[in-house]
Amino acid sequence: KPFRIIEDMIILSAMGPPGGGRQPLTQRMQRHFNIVSYTFQQDEIVSHIFSTILSSFMNYGKYPQPVKDCIPKIMQMTLNVYGSVLKQLLPMPSKSHYTFNLRDISKIFLGLCSAYIKTTNEDIDLIRLWVHENKRVFGDRLISSEDRELLENLLMTEIKTTFGYGREKIYFIERLLYSDFLQGIDSDTRHYMPVTDLKDFQKLLEQLLDDYNSMGSSKTVSYTHLTLPTICSV
């Protein structure tokens, strides 16, 4: 076979650090690339970025002052939980998807910036939403009850230490859920609001699923109580 020479080609590649089933690249492989990397931003920089985003949203929406006053504490709790998750929920062959980065913090604050002003009047309202967003972003990726319990304990410990609220204050119902279709999926304005009655919420889901399944789709959709948080986050 004739020898082939490939010219004028640029190869771009990306990888995470070794660990969780990922092997380090050999020097022989690395010599073909110009390696570009960056260090994680300091907590002060991350705090300034996301605190500014959330504060701007709250000021523009004219949220109550008690809600705006707790933003620095919410930011610090987020950094603490994120740091603990990085250290304690490490990737391994059976959990190779346990990789967390700055994008996860941005998803949490995206949820906080969706808070509906009529259901966010006190600091406890924003704290409950914060718990929901952390469990949506981090908890949805966890595959064992031990890991989910670890995350739950991290959240409750941070809230108790920072605000003095216990679990009974946070969970006014059995499960914290937020959704933007409580007023119907055809509503002109869909507000991100807490679910206050799980039975009514399940009835709403069943009605929406019946409507969907009656449209003649080739696949019938169903749900269980374990998938409720995921459905709310879609």
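The values are calculated or read from the model by the stated rules, or taken from the named source; none is laboratory data. Model, not experiment: these values are computed from the prediction. With ideal geometry, Cβ positions are generated from the backbone for all residues, glycine too; neighbour counts draw on all protein chains shown. Note: areas computed on protein heavy atoms with side chains; ligands, DNA, RNA excluded. Shrake-Rupley method; radii C 1.70, N 1.55, O 1.52, S 1.80 Å.
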Some residue of the range 116-135 being under 11 Å from the mean Cα position of the chain (by Cα), surrounded by 17 or more Cβ atoms within 10 Å (Cβ to Cβ) and over 20 Å from TYR165 (Cα atoms): no
Extreme residue, nearest to ARG190 (Cα to Cα), among residues of the range 136-159 that are charged (D, E, K, R) and open to solvent by 60 Å² or more (accessible area, probe 1.4 Å): ASP140
Count of the range 100-115 residues which are of a type outside the set (Val, Ile, Thr) and open to solvent by less than 10 Å² (accessible area, probe 1.4 Å): 5
Test: SER84 is surrounded by 15 or more Cβ atoms within 10 Å (Cβ to Cβ) and either farther than 26 Å from GLN41 by Cβ or modelled with pLDDT under 95 (or both): no
Helices (runs of 4 or more DSSP H) contained entirely in the range 55-139, each with at least 3 residues that are touching an Asp or Glu at 6+ places or on another chain (Cβ under 6 Å) and of a type outside the set (Asp, Glu): 71-88
Residues located in the range 185-201, provided they are modelled with pLDDT under 80, open to solvent by less than 100 Å² (accessible area, probe 1.4 Å) and more than 21 Å from GLY111 (Cβ to Cβ): none
Candidates TYR165, TYR171, filtered to the one that is modelled with pLDDT of 85 or more, among the aromatic types (Phe, Trp, Tyr) and within 13 Å of HIS132 (Cα to Cα): TYR171
Where GLU44 falls short, out of the listed (1) part of a helix (DSSP H, G or I); (2) in contact (Cβ under 8 Å) with a residue 24 or more places away in the chain; (3) over 14 Å from ALA115 (Cβ atoms); (4) not aliphatic (A, V, I, L, M): (2)
Close pairs (9 angstrom Cβ cut-off, 6 or more residues apart or separate chains): open to solvent by less than 100 Å² (accessible area, probe 1.4 Å) in the range 160-171, acidic (Asp, Glu) and in a helix (DSSP H, G or I) anywhere: PHE163/ASP123; TYR165/ASP123
